[in-house]
Amino acid sequence: MDAKKSIETLQFFATGLTEGALVHKLQGQIFKSQGFSKLGQKYIDHFTEEMEWVEKFVERILDLGGDIKFDGAKSRALISDPVEYIKADLDIQKAGVDLLYKCIEQLPCDPTTFDIMKAYLADEEEDLYWSQGALEMIEKIGKQNWLFTQV
């Protein structure tokens, strides 16, 4: 097992996911303030779920004897239009899922980390499918009708 490689992978995702989770929390608050309570709560709950993954990554890093790093978050624009945000988030999700597949291929010699990352990948794919489904629904029923379902 290459503990160093596992630690680097986990740290990379812990940092990136912390940043993404904070954005989801802020976006949720924006959407709630616009009156889209369901959509806002979805992203606020998503923040909590993502931070649970960060905790799992951090626990595994510590189990492997690694040091936890906080590299800080990059500046990201927040998007007030819910549909535009879903589109932008979908692009990030697609890239993230592709990256996860590549990273997981490098972890089979560490079955514990492999299993954690595989479960995280399944969760991320579920989020990707939600965003794709939301955009398909918007296309079918129209933006205003979809937004009404998010009140």
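The values are calculated or read from the model by the stated rules, or taken from the named source; none is laboratory data. Worth saying up front: this structure is predicted, and the values here are computed from it rather than measured. Cβ coordinates were reconstructed from backbone atoms using ideal geometry, including for glycine residues, and neighbour counts include every protein chain displayed.
General observations
- Yes/no for residue 69 being surrounded by fewer than 17 Cβ atoms within 10 Å (Cβ to Cβ), out of contact with any Cys (no Cβ under 9 Å at 6 or more places or on another chain) and modelled with pLDDT under 95: yes
- Residues of the range 29-44 classified as buried (at least 17 other Cβ atoms within 10 Å of the Cβ) and hydroxyl-bearing (Ser, Thr, Tyr), total: 1
- Number of positions in the range 1-21 that are part of a helix (DSSP H, G or I) and among the acidic types (Asp, Glu): 2
- The listed residue being closer than 19 Å to residue 30 by Cα, under 14 Å from the mean Cα position of the chain (by Cα), surrounded by 14 or more Cβ atoms within 10 Å (Cβ to Cβ) and of a type in the set (Phe, Trp, Tyr), out of 47, 57: 47
- Residues that are modelled with pLDDT under 95, assigned to a helix (DSSP H, G or I) and in contact with a Phe, Trp or Tyr (Cβ under 7 Å, 6 or more places away or on another chain) do occur in the range 95-111, at least one of them.
- Sole residue being under 25 Å from residue 6 (Cβ atoms) and in contact (Cβ under 8 Å) with a residue 12 or more places away in the chain, chosen from 132, 93: 93
- Tabulated pairs, the range 20-38, first closer than 16 Å to residue 51 by Cα, second at pLDDT 95 or above and among the polar types (S, T, N, Q), C-beta under 7 angstrom, 6+ apart or interchain: 28/41
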